[in-house]
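Read-outs: derived from the displayed coordinates by stated rules, not from any lab. On a predicted model such as this, the values are computed, not experimentally measured, just so you know. For neighbour counting, all protein chains shown are included, and Cβ atoms are generated from backbone atoms with ideal geometry for every residue, glycine included.
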Amino acid sequence: MDTISIQERKLNIIEQLIILNDDKVFQQVEELINKSLKRPPLSKFSVAELRERAEQANQDIAEGKLFSQDEVEKLTQSW
């Protein structure tokens, strides 16, 4: 029996997901992946939440509460 690598199996699944049009099945796949990765499901922001986050970001920028690209890259290297 031929065995295929994990990479090949991933690619096969990705190809199947690309042509998948059944929202219910897609939702089940997402739930299974999130459960196996122990991640909470993604949630959408409301328009009000997005505005509030944008206003907070603008305020942070005005107050100089920001990081340069170099600082962010240095921070993420330690993750």
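Rounded to whole Hz and in sequence order, give me ³J(HN,Hα) for the stretch 15-31 from the Karplus expression 6.51 cos²θ - 1.76 cosθ + 1.60, θ = phi - 60°, writing x for Gly and Pro.
Along the stretch 15-31, the couplings run 4, 5, 5, 4, 8, 5, 10, 8, 4, 5, 5, 4, 4, 5, 5, 4, 4 Hz.
Place a +1 charge on the Cβ of each Lys and Arg in the chain and a -1 charge on the Cβ of each Asp and Glu, then give the dipole magnitude about the Cα centre in debye, rounded to the nearest 20.
Roughly 280 debye for the chain.
Suppose the chain between residue 54 and residue 42 were pulled fully straight at 0.36 nm per residue; how much longer would it get relative to their current alpha carbon spacing? Before the final figure, lay out the partial values.
Working: separation 12, 0.36 × 12 = 4.32 nm, distance 1.94 nm.
The residue 54-residue 42 span can extend by a further 2.4 nm.
Under 18 Å Cα-Cα from residue 74, which aspartates and glutamates qualify once same-chain neighbours fewer than 8 residues away are excluded?
none
For n ≥ 4 DSSP H runs only, could you compute -39500 (n - 2.57) per run for the chain, divide by its residues and tell me the 222 nm figure to the nearest 500?
Values: 4 runs with 53 residues, N = 79.
After summing the helix terms and dividing by the residues of the chain, the value is -21500 deg cm²/dmol.
Nothing charged except the Cβ atoms of Lys and Arg (+1) and of Asp and Glu (-1): what's the magnitude of the dipole of the stretch 1-40 about its Cα centre? Round to the nearest 20 debye. Let's see the in-between values first.
Numbers: 6 positive and 7 negative charges, 58 e Å.
I would put it at about 280 debye.
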